[in-house]
Amino acid sequence: MKVTNYISEAFTELKVNVTWPEWAEVQRLTVIVAIFSILFALLTFGIDRGFEVIVAEIYTYLNK
């Protein structure tokens, strides 16, 4: 009974007390998050690739 009551109160809280953003703002913020996620992924890939090249060069130098 407690779980059902908790879920019911949670839905009531979401309906009554939460201020939801306008649809246009949701779309704008979604685009911003997507762009930054792609940029962060590319940055992470670039750094990883850079370290891969550096480590390969070190191993090549040590194996001579």
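The values are calculated or read from the model by the stated rules, or taken from the named source; none is laboratory data. Quick caveat: nothing in here was measured; it's all calculated off a predicted structure. For the accessible areas, the whole protein counts, side chains as well, though only heavy atoms, and no ligand, DNA or RNA atoms are used. Shrake-Rupley method; radii C 1.70, N 1.55, O 1.52, S 1.80 Å.
Odds and ends about this structure:
- Single residue of region 9-26 satisfying the filter (at pLDDT 95 or above and in a helix (DSSP H, G or I)) that is most open to solvent (accessible area, probe 1.4 Å): 23
- Scanning region 27-64 for residues that are not polar (S, T, N, Q) and not in a helix (DSSP H, G or I) yields a total of 1.
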